[in-house]
Structures are given as C-alpha cells and as structure tokens.
Amino acid sequence: MTRILEVRALSKGFDMHHLGASMQAFEAISLTLDASEFLLLKGRNGAGKSTLLRTLYRSYLAQSGEILFHSSHGVIDLARAADVDITLLRRTEIGFVTQFLQARPRVSAEALVAEPLRLAGWTAEAALDEARHWLDAFGVKRTLWPAYPATFSGGEQQKVNLARALILPQRLLLLDEPTASLDASARAALIDRLAALKAQGTAMIGVFHHPGDVAQLIDRTIDLTPDTTPDTPQQEDRTDVVV
Ligand SMILES: Nc1ncnc2c1ncn2[C@@H]1O[C@H](COP(=O)(O)OP(=O)(O)OP(=O)(O)O)[C@@H](O)[C@H]1O
C-alpha cells in the first residue's frame, strides 16, 4: 500500500469581520488515504465538505493541523508549504475538479484542455491530439473545440473543465461535485475516467450530491456532520476519525 495523504487534526474556521465573530467550518479532522483509494465525504449542507477539499488543495489556509502529502519528491505538509511548491504540485500531482470552468479570454476549448500537457512538456501537436480525444470522450461537439468556452452552455463548460482537469493522471484528485448538471453520457464518461485513474493509482477524495453515481468507486465514507458516528462498514474497518 502506498500512502498518499495523512491529515492530522486539521481545523478551519472563518472570521466574519462584519459580524465581529468567527465560525468553525470543521474541527480536528484526521484521515489517511492510500494510492487507488476513493474516499467519499458526506454530511449535511454546511458541514464543511467543500471547505475541507479547498483546504487540502490550499485554496484556504488551515487554521491548525497537518496535511502530509506524499509527493513523488517526498513528504510535504500542504498546510505550511511555500506557495511556489503548491503551484508546482498543482501542476503535476494534485488535481481539483469542480463543475465550474475558469474560461480565459481568447483561449479555445482545445487549447485550454491541452494546457496541462503543454506544461508537462508535451509537444503542441501531441497535446492538441490528446485534448481533442478527451473533448470527444466527454461529449463536447467538434465544432466547439476551436471556439472560446466563455459563451458555452453550463454543461458544455463543465465538460471542457472535466477534460482539462482529468487529462493528466495525478497522485491525488479532489472532486467537488463534478457530476452536477452533467448529462447521462458525460456522467458515464467521467465515471469511466475516474475508474481508470483509480486503477492507475490515483487517490481520490470526493463530494457528490448523488453518491450513487460513483458507488462502484467508493472505498470509504466519512461523514462531516458534527456528532455523527461511523455508519458504513468501510469506516468501521478503519481508524480514520472525524471529531
Ligand atoms: N469563504 C467563507 N467565508 C465564511 N464562511 C464560509 C466560507 N466558505 C464556507 N463558509 C462557511 O463554512 C461552512 C461550511 O461550508 P461548506 O461550503 O464547506 O459546506 P458543504 O458541506 O460543502 O455544504 P453544501 O453541502 O451545502 O455544499 C458553512 O457554514 C459556510 O457558510
């Protein structure tokens, strides 16, 4: 078993300056994740699922605790790593998949999807070929490939986003409701891609409104709702603790 992530006593709160108050999104979370494991985060609205994913990705700074990521270069605490290291890891080892595309002015859909490969050293031609393959796999119409995604429908933008986010195998993939508003064939393509990445060793932590979509991928479940007790067999097998 190859360890990918060890989260120790991780907490995150927000200062709400306009109210002169702070609120705790989650507190003292500990978990481990190995290669090829898929961990489902569940919990009621506002339980902190998205905030935990964003804290792991370092979009948010942790309040306390450790996020020990076993990178290909050694163990690094994502809670404390320098921004430059985080940028590099995001390029090569840690992916974040949401339903929202960050379109850029005058960048075509195919160029946007090819970009991670270009940054990884692929030639322009090979990267474009691969990008087109994934745009096709996710069901983006051929006529849209050279167009700018800013004007695409929500679902089309989401498919471009998935192609871009999943084109390169990563060590760790954070999934924040990636199936929301996808049509059935794109959902099937996404699940196929996640299954292939999992088989190749990618570890995944995901939030899904309809976990049934990914039922066959889930190895363990953690409930972030405060005061919940483990309720799945997978959890009882393991020592992960959410307090
Ligand atoms: N940037 C922020 N500033 C202040 N409070 C925030 C911020 N982001 C999230 N919160 C608060 O943190 C709590 C957890 O939010 P989060 O979005 O992580 O919940 P969630 O479990 O993903 O919810 P949902 O199922 O509704 O998507 C909520 O009470 C939310 O209001």
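The values are calculated or read from the model by the stated rules, or taken from the named source; none is laboratory data. What you are looking at is a predicted structure, and each value in this text was computed from that prediction instead of being measured. Note: ideal-geometry Cβ built from the backbone for every residue, glycine included; neighbour counts use all protein chains shown. What goes into the accessible areas is simple: the full protein's heavy atoms, side chains included, and nothing from ligands, DNA or RNA. Shrake-Rupley method; radii C 1.70, N 1.55, O 1.52, S 1.80 Å.
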Descending principal axes extents, the chain, alpha-carbon based, whole Å: 51, 39, 38
Whole-Å semi-axes of the ellipsoid equivalent to the stretch 1-102 (Cα gyration tensor, √5λ, descending): 23, 16, 15
Potential extension, residue 150-residue 24 segment - 0.36 nm per residue separation minus Cα distance: 41.8 nm
Nearest-0.05 FRET efficiency for residue 2 and residue 183, computed from C-beta distance (R0 30 Å): 0.30
At q = 0.13, 0.15, 0.16 Å⁻¹, base-10 log of I(q)/I(0) for the stretch 37-147 (Debye sum, equal scatterers on each alpha carbon): -0.68, -0.86, -0.94
The stretch 93-167, accessible area per residue, ligands and nucleic acids excluded (1.4 Å, Å²): 49
Principal-axis tilt of helix 83-92 within the chain, Cα atoms, nearest 10 degrees: 60
Stretch gain in nm, segment residue 90-residue 129, where the contour uses 0.36 nm per residue and the Cα spacing is subtracted: 11.8 nm
List 70, 17, 210, 133, ordered by accessible area with a 1.4 Å probe, largest first: 17, 210, 133, 70
FRET efficiency for residue 227 and residue 14, using Cβ-Cβ distance with R0 set to 22 Å, rounded to 0.05: 0.60
Cα-based helix-to-principal-axis angle, 109-119 vs the chain, degrees rounded to 10: 70
For the chain: relative contact order, % (alpha-carbon pairs under 8 angstrom, 6 or more apart): 27
Euclidean distance of C-alpha centroids, the stretch 73-87 and the stretch 144-215, integer Å: 25
Using θ = phi - 60° and Karplus 6.51 cos²θ - 1.76 cosθ + 1.60, couplings along the stretch 20-27 (whole Hz; Gly, Pro as x): x, 9, 10, 10, 8, 7, 7, 9
The chain - percent of accessible surface contributed by carbon and sulfur, probe 1.4 Å: 51
Gained length - residue 115 relative to residue 136, 0.36 nm times residue gap less alpha-carbon distance: 5.9 nm
Sequence-distant lysines (8 or more away, or on other chains) whose Cα lies within less than 26 Å of residue 49: 12, 159, 198
Viscosity 1.306 mPa s, temperature 10 °C, Stokes-Einstein D of the stretch 135-207 from Kirkwood C-alpha radius, µm²/s: 125
